[in-house]
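Student: The structure that follows is given in the form of structure tokens.
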Amino acid sequence: MKTPIKVLSASALLAMSLSGCVEQDATLQLKGGVLATTGEGENACVMPSDYDSVVVFSSSGFIAGQELRDFGQPLVGDEYVPGTRNAFQLGVAFLNRLPDSRNVGATGGGGSGGFEGLYLDQNAITVTGARVNVPADLNKFAGFGSVDFPEARRDFSALVESGGGSVVMRVPLIEGSTELDVLNDFVLSTAANQITFVFTVQLVGETLSGNEVTSNIYQYPVTICPSCNVGTSGVCAVAE
């Protein structure tokens, strides 16, 4: 006989169950829950090549705490992503919606044509990282308040060309045992078996002309089960 599972859900979970709407007017447009794909019986996964080719998504995630501590995040089946113990990654795709600004004929001082013929893309965006949070206003639990998960910065560098350039990659929602323990300990303090938290992700960067930009804020619900041994969401799905 299975033991009934006691579950707590964030007050905003129902509203966010569609994995967060994308703001269509964002300069840097972000969507998440992106999954790589593989064939039946294969262990190698392939990420989509660009924003428009993303067709497989997950609407929410699940973390089996014991599995993540011992092995990491699954790739597919019982194969695990190397170096992901105590870490959980989210596939994302982002698109530069600024118009194409590439011009020919830039010259270097003196007018002798030192850089003549060089393409300059002033609207290209260098994404320098992401802000990841479990904000209190989206994660309030009756009788227990909200989890104390300080906003984290994930540093990386990705250049996104103007006029529809895009990047597909993975960003850590949880990075390291300290962050995982904060969430696990909160669940244990409530005497629940598992709790669903709403994470937020926002990209930050600047254009090559020096203007700071941010993406829309993407919201992704993740259920944390500290004592579960299996079930952690993988980064890959078997293509149909």
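The values are calculated or read from the model by the stated rules, or taken from the named source; none is laboratory data. Note that the structure is a prediction, hence the values are computed from the model and not measured. Glycine also receives a Cβ, built like all others from the backbone with ideal geometry; neighbour counts cover every protein chain displayed. Keep in mind that these areas ignore ligands, DNA and RNA; they rest on the heavy atoms of the full protein, side chains included. Shrake-Rupley method; radii C 1.70, N 1.55, O 1.52, S 1.80 Å.
Student: Counting only protein heavy atoms and a 1.4 Å probe, tell me what percentage of segment 134-198's accessible area is made up of carbon and sulfur.
Tutor: Details: 1410 of 2960 Å².
Summing carbon and sulfur atoms, their accessible area is 48 percent of the total for segment 134-198.
Student: While we're here: Sticking with the crude label model, points 7 Å out along Cα→Cβ, report the distance from Ala239 to Glu40 in nm, one decimal please.
Tutor: So the two model labels end up 1.5 nm from each other.
Student: Using a ≥ b ≥ c from the Cα gyration tensor of segment 123-208 (square roots of the eigenvalues), is it rounded, prolate or oblate, where a/c under 1.5 gives rounded and otherwise the larger of a/b and b/c decides, a/b for prolate? Spell out each step's value before the answer.
Tutor: On the way: a/c = 3.34, a/b = 2.71, b/c = 1.24.
Prolate, since a/c reaches 1.5 and a/b exceeds b/c.
Student: Under a 1.4 Å probe, what is the accessible area of segment 162-204 per residue, stated in Å²?
Tutor: Values: 1370 Å² over 43 residues.
Accessible area per residue: 32 Å².
Student: May I pose another question? Check which residues have an amide H placed less than 5 Å from Ala124's amide H, if you skip close sequence neighbours.
Tutor: Ser162, Leu208
Student: Between Arg131 and Val182, 0.36 nm times their residue separation minus their Cα-Cα distance comes to what?
Tutor: Values: separation 51, 0.36 × 51 = 18.36 nm, distance 1.75 nm.
The span from Arg131 to Val182 would gain 16.6 nm if fully extended.
Student: Right, here's the next one. Go from 0 up to the bin containing the longest alpha carbon distance in segment 38-79, width 10 Å each, and give me the % of pairs per bin.
Tutor: All Cα pairs considered, the percentages come to 21, 42, 33, 4.
Student: Which whole-Hz ³J(HN,Hα) couplings does segment 78-93 yield from phi under the Karplus relation 6.51 cos²θ - 1.76 cosθ + 1.60, θ = phi - 60°, glycine and proline marked x?
Tutor: Working through the residues one at a time gives 9, 8, 10, 5, x, x, 10, 4, 6, 9, 9, 9, 10, x, 9, 9 Hz.
Student: Right, next: Count charges around Ala64 for me, please; just the other residues with Cβ under 14 Å from its Cβ, Lys/Arg as +1, Asp/Glu as -1. Show your work: numbers first, answer last.
Tutor: Numbers: positive: Arg69, Arg85; negative: Glu67, Asp70, Asp78.
Around Ala64, the surrounding residues sum to -1.
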